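Read through the structure below, which is laid out as structure tokens, and then see the notes.
The values are calculated or read from the model by the stated rules, or taken from the named source; none is laboratory data. Treat the numbers as computed from the prediction; the structure is a model and nothing was measured. Glycine also receives a Cβ, built like all others from the backbone with ideal geometry; neighbour counts cover every protein chain displayed. Calculation scope for accessible area: heavy atoms of the full protein, side chains included, ligands and nucleic acids excluded. Shrake-Rupley method; radii C 1.70, N 1.55, O 1.52, S 1.80 Å.
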Amino acid sequence: MTTKTVQQWTTVQDGLENLTRDTAPMPTPGPDEVLVKIHAVSLNYRDTEVCMGLYGHHKAIDAGGPQPLVPCSDMCGTVIAVGENLEIVHKVGDRVVSVFNYTHRTGHAREVDMSVGLGLPLPGVLQTYRVFPSVGLMPAPSYLSDIEACCLPIASITAWMAINGMRPLGQPGGKGEVVLLQGTGGVSVAGLQIAKASGATTVVTSSSDDKLEVAKKMGGDYLINYKTTPRWADAVMEKTGGHGADIIFENGGASTLRQSFDAIAFGGIINCIGYLGGKTNTVSEGDDMTGINVLALRRNMTLRGILNGPRDRFEEMLAFYNEKKIHPVVNRIFSFNQSKEAIQYLFGGQHFGKVVIQVSAEATLPTTKSTE
Ligand SMILES: NC(=O)c1ccc[n+]([C@@H]2O[C@H](COP(=O)([O-])OP(=O)(O)OC[C@H]3O[C@@H](n4cnc5c(N)ncnc54)[C@H](OP(=O)(O)O)[C@@H]3O)[C@@H](O)[C@H]2O)c1
């Protein structure tokens, strides 16, 4: 290899507009390490929080002060060189995707897993080359382009866990269940695809009728605009004949959780995934102050926190994607030079599905139409 330097973007966690571009020396893979040429990076809401210095809700993560950090966690690339004694074999030329918390191999995530997150606290993937431990990589599905495959690590596995994480490994389900997806960002759209491929009935909420139209074309069954229908939980109950949702992708947090309790089916699961509507509870005059314990027992439901997913579930999910030939939905592709604009675009919330940065000219492109 003739390239001597790595091109990278860094943040000191002081705002989306302050990302800077610089270079670093080309790393060499040590024992059990793999050097990857990065072709494509997909963005997650978390990346915007990291760049703004707002990702502080995990005790195990020391935000690290003002040292420059390469953000982002999700990439697809090609193996360029390998070190000695790989625990998980990757060969030069293999296409691979990153694993967000590489120590999380099975069961529940632990504090140690939080402390190896890519793009905080570890250096991320918004760079042209990076060394990974062998267990920090998974094979990229051969039927997907690089631009599509880089969308899998956080959004798809989170959606997979929301639908299947409570079922025994190897026995994915969802057939006949009602799955409610809040919003049309990366996690929800992956959830819509997985739910439809599993035979579930889906309810999609969105701020936009145009986005709901796209969700409908993807097979979304019941569509609710939460801006024009502020009591969207009532609409969920009405559209499902009083049953409610068996599985809820709870993405709004403070702004949506109370209504999720009104939209849940008996025996259902509210998956606490996001906090797009805030991380702290607020109380206004006239608010129903029924305790969470009572809301939970009232419909015999489970309130469950999601922390991405382990390696064995990632493998389970890849087998399902491969069987069903699911193509992650890419909304817009930015160039590496436009990385700052890409992160600002994601934060603006206009997208449907995933926002991707094409890092290398060699990245393979999707054959499916974007949702831009
Ligand atoms: N726990 C985990 O393991 C995990 C993993 C991944 C993501 N997350 C979290 O999950 C959330 C979604 O992540 P993402 O990467 O999918 O984000 P994203 O792609 O940026 O999705 C944003 C979309 O969510 C919708 N939205 C915005 N505010 C909302 C609100 N108050 N209520 C309902 N929907 C709202 C909007 O869609 P519409 O315009 O259609 O309404 C917006 O376009 C974030 O909070 C993220 O940090 C958690």
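Tabulated values for the structure
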item: K369-H243 FRET efficiency (beta carbon distance; Förster radius 25 Å; 0.05 resolution); result: 0.15
item: Calculated log₁₀ intensity ratio I(q)/I(0) where the Debye formula runs over C-alpha points of segment 157-305, q = 0.17, 0.18, 0.21 Å⁻¹; result: -0.92, -1.03, -1.44
item: In order through segment 284-297: 3J(HN,Hα) via Karplus (6.51 cos²θ - 1.76 cosθ + 1.60), integer Hz, x for Gly, Pro; result: 10, 4, x, 5, 6, 9, 3, x, 4, 4, 6, 4, 6, 6
item: Computed over segment 157-305: relative contact order in percent, which uses C-alpha pairs under 8 Å that are six or more apart; result: 19 percent
item: Cα-projected label distance for T280 with T3, points at 7 Å along beta-carbon direction, nm; result: 4.4 nm
item: Hz values of 3J(HN,Hα) by residue in segment 264-278 - Karplus curve (6.51, -1.76, 1.60), Gly and Pro given as x; result: 7, 7, 4, x, x, 10, 9, 8, 6, 9, x, 8, 4, x, x
item: Net charge, C51 excluded, C-beta distance under 14 Å - Lys, Arg +1, Asp, Glu -1; result: -2
item: GNM flexibility winner over the chain from G241, G15, G170 (Cα, springs under 10 Å); result: G241
item: Given K239/K324; K91/K324; K216/K279; K340/K369; K325/K354, the pairs whose alpha carbons are separated by over 19 Å; result: K239/K324; K91/K324; K216/K279; K340/K369
item: Lys/Arg +1, Asp/Glu -1 at C-beta; the chain dipole; positive extreme among I326, C51, Q8; result: I326
item: Listed residues T106, T201 arranged by accessible area, highest first, probe 1.4 Å; result: T106, T201
item: In segment 324-370, trypsin sites (Lys or Arg not before Pro) in a DSSP loop with at most 15 other beta-carbon atoms within 10 Å; result: K325, K369
item: The chain - charge dipole about Cα centre, Lys and Arg +1 at Cβ, Asp and Glu -1, debye rounded to 20; result: 480 debye
item: Qualifying trypsin sites (Lys or Arg not before Pro) in segment 82-180, DSSP loop, other Cβ atoms within 10 Å at most 12; result: K91, K175
item: Computed log₁₀ I(q)/I(0) - Debye formula, equal Cα scatterers, no solvent, the chain, q 0.15 Å⁻¹; result: -1.35
item: Stretchable slack from S142 to E323, in nm (0.36 nm times residue separation minus alpha-carbon distance); result: 64.0 nm
item: ³J(HN,Hα), Karplus 6.51/-1.76/1.60, whole Hz, each residue of segment 73-82, x for Gly, Pro; result: 10, 10, 9, 10, x, 10, 5, 9, 7, 10
item: Farthest toward positive dipole pole in the chain [+1 Lys/Arg, -1 Asp/Glu at C-beta], among N18, V112, T202; result: T202
item: Rg/Rh ratio calculated on Cα atoms of segment 113-153 (Kirkwood radius); result: 0.98
item: Highest-MSF residue in the chain out of L180, L86, L144 [GNM, Cα springs under 10 Å]; result: L86
